Amino acid sequence: LSGVKTVVISEGITSVGSYTFFGCAELKLVNLPSSVTEIGLAAFLGCFLLKAISVDENNEAFSADDGILFSKDKKTLVQYPAGKNLTSYTIPDGVTYITDAAFTYCDKLQSVIFSNTVENMGFAVFLGCSNLSSVELSNNLISIGELSFALCKSLCSIVIPDSVTAVGSNAFSECESLSSVVLGSGIRNIEDSAFYFCSQLESV
């Protein structure tokens, strides 16, 4: 799909497979019909200019708000477009789950605030968000997934709430500016290489 900037998926298609648009670096807009009920892992990975995903209002599985893809009930944040121009984003109240790779390589984001309804997040959610310097996690978050903040090279500090029981493998690996980590009282498990190559880490 080299050079393609807009994709309109035909009515009748029910599934968008994993990595379907992988590396479509010029893609800016995707329109999902009412028939799509399933979207695979990292379907939009590497779409660095993607600004918006729109969804037919009759779709019973998905919805969109300001170009951001959610489940129909708005409880799951499915995909934040990597080319969106916001520097800060607050995950809306009501969202309980953030899917795998939902914000991967969103290098314009500098600040993210979780609403306190967020309880779970997948893996590699913020992988490679190179300008992300500030993150405020939900006070009801249960775990931080594998590779969740890996390669967030501008992240300076992180406070992990008492609600979090586990930090996944490589969750903060190669966060080369990370100097301060506060672990909440609920932590029971920190997996392999969680803070691998955090070369500026001074305080835990």
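The values are calculated or read from the model by the stated rules, or taken from the named source; none is laboratory data. Here the structure is a predicted model, which means the values were calculated and not measured. For neighbour counting, all protein chains shown are included, and Cβ atoms are generated from backbone atoms with ideal geometry for every residue, glycine included. Calculation scope for accessible area: heavy atoms of the full protein, side chains included, ligands and nucleic acids excluded. Shrake-Rupley method; radii C 1.70, N 1.55, O 1.52, S 1.80 Å.
Enter the per residue convex hull volume of region 1-109, computed from alpha-carbon coordinates, in Å³ rounded to the nearest integer.
Values: hull volume 9.3 nm³, N = 109.
Cα-based convex hull of region 1-109, divided per residue, equals 85 Å³.
With the contact rule set at Cα under 8 Å and sequence spacing of 6 or more, what percent relative contact order holds for the chain? Working shown, then result.
Values: 659 pairs, mean separation 22.7, N = 204.
Relative contact order here is 11 percent.
Largest first, how would Val55, Val182 line up by accessible area (1.4 Å probe)? Please report the intermediate quantities before stating the final value.
Details: Val55 30, Val182 70 Å².
Largest accessible area first, the residues go Val182, Val55.
Kindly count the pairs of lysines across region 1-145 whose alpha carbons are less than 16 Å apart, treating pairs on different chains or eight or more residues apart as eligible.
9
So the label point goes 7 Å from the Cα of Glu202 along Cα→C-beta, right? Which residues of region 141-176 then have their backbone N under 18 Å from it?
Output list for this probe position: 154-159, 175-176.
What are the radius of gyration and Dmax of region 72-128, computed over its Cα atoms and given in Å?
Gyration radius and largest Cα-Cα distance of region 72-128: 10.6, 28 Å.
Between Ile190 and Lys74, what is the spin-label point distance in nm, taking each point 7 Å from the Cα along the Cα→C-beta axis?
3.7
Can you give the alpha-carbon Rg of the chain over 2.2 N^0.38 Å, where N counts its residues? Could you put the intermediate results ahead of the total?
Details: Rg = 16.9 Å, N = 204, 2.2 N^0.38 = 16.6 Å.
Relative to the rule-of-thumb radius for its length, the chain sits at 1.02.
For a quick check, take a GNM of the chain with Cα springs below 10 Å and name the residue from Asn170, Asn31, Asn189 with the largest mean-square fluctuation.
Asn189
Give a quick list of chymotrypsin sites (Phe, Trp or Tyr not before Pro) in region 22-95 that DSSP marks as loop, anything other than H, G, I, E or B, with at most 14 other Cβ atoms within 10 Å.
Numbers: sites: Phe22, Phe44, Phe48, Phe62, Phe70, Tyr89; in loops: Phe22, Phe44, Phe48.
Sparse-neighbourhood loop chymotrypsin sites (Phe, Trp or Tyr not before Pro): Phe22.
Could you report the chain's accessible area per residue, 1.4 Å probe, as an integer in Å²?
Numbers: 9250 Å² over 204 residues.
Accessible area per residue, the chain: 45 Å².
Using a 1.4 Å probe on the protein chains only, how many percent of the accessible area of region 50-204 belongs to carbon and sulfur?
Working: 2990 of 6710 Å².
So the carbon and sulfur contribution to the accessible surface is 45 percent.
Grab the alpha carbons of region 116-156, take their convex hull, and tell me the volume per residue in Å³. Kindly include the intermediate steps, with their values, before the conclusion.
Details: hull volume 2.6 nm³, N = 41.
So the per-residue hull volume is 62 Å³.
Which of Gly122, Gly184, Gly145 ends up with the largest GNM mean-square fluctuation for the chain, with Cα atoms connected below 10 Å?
Maximum among the listed residues: Gly184.
Please compute the net charge surrounding Lys84, taking Lys and Arg as +1 and Asp and Glu as -1 over other residues with Cβ under 10 Å from its Cβ.
Details: positive: Lys51, Lys108; negative: Asp66.
Local charge sum for Lys84: +1.
Please give, to one decimal in nm, the separation of the simple spin-label points placed at Leu86 and Thr117, each 7 Å out from Cα toward the Cβ.
Placing both labels 7 Å along Cα→Cβ, they lie 1.4 nm apart.
Please report the net charge: other residues with Cβ closer than 13 Å to the Cβ of Leu178, K and R +1, D and E -1.
Values: positive: Lys153; negative: Glu174, Glu176, Glu202.
Value of the local net charge: -2.
Tell me, Kirkwood radius of region 144-186 from alpha-carbon pair distances, in Å?
On the way: mean 1/r = 0.0957 Å⁻¹.
Answer for region 144-186: a Kirkwood hydrodynamic radius of 10.4 Å.
Taking R0 as 35 Å, what's the FRET efficiency between Ser157 and Ile13 from their Cβ-Cβ distance, rounded to 0.05? Intermediate results must be reported in sequence, preceding the final value.
On the way: r = 44 Å, r/R0 = 1.26.
The value I calculate is 0.20.
Note down the net charge around Glu146, summing +1 for each Lys or Arg and -1 for each Asp or Glu among other residues with Cβ under 11 Å from its Cβ. If you can, show how the numbers build up before the last one.
Working: positive: none; negative: Asp100, Glu191, Asp192.
Net charge in that neighbourhood comes out at -3.
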